[in-house]
Amino acid sequence: MKKAELRFTGSGGQGVILATIILAEAAYEDKLQTVQSQSYGPEARGGLCKAECIIDEKPITYTKVGLPTLLLSLTQASLDKYVKDLQDDAVIVVDSEITVPEEVKASHKVISIPIIQSAVEVIKNPMAANIISLGAVNEAMKLVSQESLEEAVLNHIPKGTEELNINALHLGAQLVKEQ
Amino acid sequence: MAKRFQLLQGNEACVEGALAAGMKFYAGYPITPSTEIAERSAIRLPQVGGKFIQMEDEIAGIAAALGASVAGLKSMTATSGPGFSLKQENIGYACIAEIPLVVVDVQRSGPSTGLPTSPSQGDYMQAKWGTHGDHPVIAISPASVQETYNLAVRCFNLAEKYRTPVIFLMDEIIGHLREGCELIPAEELEIVNRGDHNVTGMPYAVSEGNYVPEFACFGEGEHYNVTGLFHDVDGFPTNNNEIARNAEQRLMDKIDMNLDDILDWEEVGTEDADVAILCYGGTTRAAKGAIEQAEAEGLKVGLFRPITVWPFPDKAVEELSKKVKHIVVAEHNYGQMLGEVKRVAKDNCTVDFIGKIDGTTLTPADILNKVKEVL
């Protein structure tokens with residue numbers, strides 16, 4: 001596989017950090033090399049939030065994402081800030097409420113899906129947006145096995161929300177397939 | 001039974017390594033970016049029959065940890081720069097009273113409260129000179145999550161073996177990084193434990209050919225005196241100049257005479273390289289990235305990384321300075337280990353520096369550009 005450099009962005013509280021932790025855990029379970037890190041500080045509480053995960057078959061030396069192969073944005077502000085720094089063949093996954101500049105659409109594969117709306121209307125829990133995103137990103141990039149991903153999700157959610165979160169994961173993948 | 005292979009944060013791996021080494025007591029005051037060490041200790045210590053206590057401040061944190069250690073428990077406290085400053089007086093106390101203790105400093109940008117969430121290596125000199133007076137220091141710096149686990153064990157072992165505080169000099173880069181980590185069980189590790197030595201009226205007596213007095217747990221058997229004043233072998237203070245000189249000399253000797261055991265470094269590809277990058281801790285990851293890029297461009301660049309950062313590996317760096325034409329020191333500070341490298345390298349090779357002091361991190365490109373500048 002090509003080294004995957006993933007940048008998840010959004011607003012503090014949307015769970016983008018947790019999503020990268022779950023993804024890294026699934027990758028580790030699949031015996032892949034992985035590192036995960038996040039930006040801390042005031043910006044992690046309501047403002048811009050950024051988390052990163054690198055997945056590779058080879059040992060990972062430098063721990064930060066330089067230019068991502070995938071950008072996930074759940075808010076307009078986070079897309080605007082991070083859309084400038086991308087690899088040429090990078091994939092962008094965004095919530096469908098977000099406006100992606102035409103020149104970006106022309107040069108990159110953009111997957112625009114109703115992540116937040118689906119969390120509220122289908123899953124009936126806005127907190128599930130990050131897990132829907134995770135399902136979507138893994139469907140788009142084929143990073144980790146479904147089995148490891150589900151196991152990692154279950155490791156990180158409150159008791160009683162197992163079905164809801166697994167449904168959210170599947171919904172994310174479905175939205176990408178239908179796109 | 002916990003999974004042997006886990007995705008962990010550096011801070012979490014620090015706690016797991018400490019537990020494998022036998023940590024039974026943690027006292028401290030949480031501070032970013034070290035807070036996860038307190039959090040995980042609070043969860044994990046009660047599970048293994050240990051105690052966690054959050055004290056009213058950083059000074060009380062180290063003081064409680066020292067007390068627990070004297071009473072026989074392997075103890076740790078963790079903090080970041082501002083708290084590390086507060087702990088300095090008691091680090092000196094641990095040095096002279098010869099109390100084993102692991103003090104973790106997950107460095108952030110300073111001085112003062114600085115940039116609380118940003119990485120730095122600005123406490124390198126403080127780890128050595130933060131507490132006053134001539135005193136021995138062992139400081140160790142990890143460059144990955146796995147190494148954080150392994151070296152936490154080593155910190156405890158060295159603290160016990162040499163009856164001295166050991167500084168685990170981490171940084172935000174590794175402390176907050178998640179990576180895979182093998183939680184090697186204690187049975188598969190070399191663990192140094194205290195013997196069941198009893199006080200004989202001379203708690204600080206050293207047997208012939210040794211530098212370290214055997215540890216007698218306070219509260220078991222006869223009571224003895226523990227003091228920050230220079231003391232005779234009976235543990236009581238003295239103004240006798242000869243006793244003071246001998247006591248100070250022995251404190252220094254117990255480290256200086258055991259450098260082969262204490263020093264540790266990683267050296268890669270320096271034999272046939274014109275330039276070596278010298279770095280430690282989290283900076284190593286960017287340096288290794290730079291070396292990968294250099295190789296892709298056909299440049300041979302070596303790496304020298306002190307793992308034991310204090311005492312400084314004088315001899316090994318002197319040899320390095322004779323092997324290569326240029327050393328580039330990379331640190332997340334204004335140039336601290338740089339001074340040590342210059343002291344040792346003298347005129348054997350050029351010594352240049354690349355650092356960061358704005359809270360951002362050095363990238364492989366930053367370091368590679370510096371390497372190309374000096375070549």
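The values are calculated or read from the model by the stated rules, or taken from the named source; none is laboratory data. Every value quoted in this text rests on a predicted model; they were computed, and no experiment measured them. Here the Cβ positions follow ideal geometry from the backbone for every residue, glycine too, while neighbour counts run over all protein chains shown.
General remarks:
- Restricting the search to strands (runs of 3 or more DSSP E) fully inside the stretch A:1-85 and requiring at least 1 residues that are basic (Lys, Arg) and either on the phi < 0 side of the Ramachandran plot or within 12 Å of chain B (Cβ to nearest Cβ) (or both) gives A:4-11, A:48-56.
- Scanning the stretch B:328-349 for residues that are closer than 26 Å to residue B:359 by Cβ and in contact with a helix residue (DSSP H, G or I) (Cβ under 7 Å, 6 or more places away or on another chain) gives B:328, B:329, B:330, B:331, B:332, B:333, B:336, B:337, B:341.
- When B:12, B:39 are checked against the criterion of being part of a helix (DSSP H, G or I), among the charged types (D, E, K, R), out of contact with any helix residue (DSSP H, G or I) (no Cβ under 6 Å at 6 or more places or on another chain) and in the same structural domain as residue B:130 (by TED's automatic domain parsing), B:39 stands alone in meeting it.
- Residue list for the stretch A:151-169, filter: touching a Leu at 6+ places or on another chain (Cβ under 7 Å) and closer than 13 Å to residue A:21 by Cα: A:153, A:156
- Evaluation of residue B:326 against (1) touching a Cys at 6+ places or on another chain (Cβ under 7 Å); (2) within 14 Å of another protein chain (Cβ to nearest Cβ) (one fails), failing number: (2)
- Scanning the stretch A:81-106 for residues that are surrounded by 15 or more Cβ atoms within 10 Å (Cβ to Cβ) and under 14 Å from residue A:7 (Cα atoms) yields a total of 9.
- Filter result for residue B:362 (farther than 18 Å from residue B:125 by Cβ and not polar (S, T, N, Q)): yes
- Residue check for residue A:96: of a type outside the set (Phe, Trp, Tyr) and without any contact (Cβ under 8 Å) to a residue 24 or more places away in the chain: yes
- Counting only residues that are aliphatic (A, V, I, L, M), surrounded by fewer than 24 Cβ atoms within 10 Å (Cβ to Cβ) and either within 15 Å of the chain's Cα centre (by Cα) or assigned to a helix (DSSP H, G or I) (or both), the stretch B:92-115 holds 2 of them.
- Residue check for residue B:284: within 14 Å of another protein chain (Cβ to nearest Cβ) and under 24 Å from the mean Cα position of the chain (by Cα): yes
- Residues within the stretch B:201-247 that are within 21 Å of residue B:68 (Cα to Cα) and among the hydroxyl-bearing types (Ser, Thr, Tyr), tallied: 3
- Taking the stretch B:192-245 as the range and being in a helix (DSSP H, G or I) and either loosely packed, with under 14 Cβ neighbours inside 10 Å or in contact with an Asp or Glu (Cβ under 6 Å, 6 or more places away or on another chain) (or both) as the test, the residues that pass are B:241, B:242, B:243, B:245.
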